[in-house]
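This report concerns only the one structure given below.
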Amino acid sequence: MLKRFAEFHNLHHAFAVQKDDTLSEFYGVTGIPHVVVIDRDGKVRMIKVGSGDENAKAIEGLLVELLGN
């Protein structure tokens with residue numbers, strides 16, 4: 001189901017799927033969508049909960065910074 005959703009929405013990033021609450025508890029998931037941006041060194045750079053233009057712009061800005069574009 002997730003694969004079809006990602007293909008339909010043209011999403012190419014990694015998704016974390018859990019069988020228990022381990023990831024939810026570790027990252028403090030309180031809602032969906034819940035975005036965790038982790039840099040190449042494994043450092044959590046941003047956590048955002050919810051959708052909307054403000055979150056999208058913040059995430060995009062950080063990704064541009066991290067990717068050097």
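In the chain, a dipole from Cβ-located charges (positive for Lys and Arg, negative for Asp and Glu) runs towards its positive end, and of 12, 26, 47 it is 12 whose Cα lies farthest in that direction. Here the 3J(HN,Hα) profile of the range 55-61, calculated from phi with Karplus coefficients 6.51, -1.76 and 1.60 at θ = phi - 60°, is 5, 4, 5, 5, 5, 4, x Hz, Gly and Pro shown as x. Between residue 45 and 37, 38, 39, the built amide H atoms are under 5 Å apart, and every one of these is 5 or more places off in sequence or on another chain. Lysine pairs, Cα distance under 23 Å, 8 or more residues apart or cross-chain: how many in the chain? Lysine pairs, 8 or more places apart or on different chains, close enough: 5. In the chain, the DSSP-assigned H stretches of four residues or longer account for a calculated mean residue ellipticity at 222 nm of -11500 deg cm²/dmol, using -39500 (n - 2.57) per stretch and the full residue count as denominator.
For residue 62, what charge total do you get from the other residues with a beta carbon under 11 Å from its beta carbon, if Lys and Arg give +1 and Asp and Glu give -1?
On the way: positive: 45, 48, 57; negative: 39, 60, 65.
With Lys, Arg at +1 and Asp, Glu at -1, the net is 0.
Across the range 23-28, computed HN-Hα scalar couplings (Karplus, 6.51 cos²θ - 1.76 cosθ + 1.60, θ = phi - 60°) run 5, 4, 5, 4, 9, x Hz from first to last residue, x flagging Gly and Pro.
What is the dipole size for the chain, taken about its Cα centre, with +1 at each Lys and Arg Cβ and -1 at each Asp and Glu Cβ, in debye to the nearest 20? Don't skip to the end; give the middle numbers.
Values: 8 positive and 10 negative charges, 34 e Å.
Here the size comes out at about 160 debye.
Can you give the Rg to Rh ratio of the chain, both from alpha-carbon atoms, with Rh computed by the Kirkwood formula?
On the way: Rg = 12.9 Å, Rh = 13.5 Å.
Across the chain, the Cα-based Rg/Rh ratio is 0.96.
Counting pairs of alpha carbon atoms under 8 Å apart in space and at least six apart in sequence, what relative contact order in percent does the chain give? The normalised contact order for the chain reaches 18 percent.
Read-outs throughout are calculated quantities, based only on the coordinates presented, and are distinct from any laboratory measurement. Please read all numbers here as calculations on a predicted model, not as lab measurements. So basically every Cβ, Gly included, is an ideal-geometry build from the backbone, and we count neighbours across all protein chains shown.
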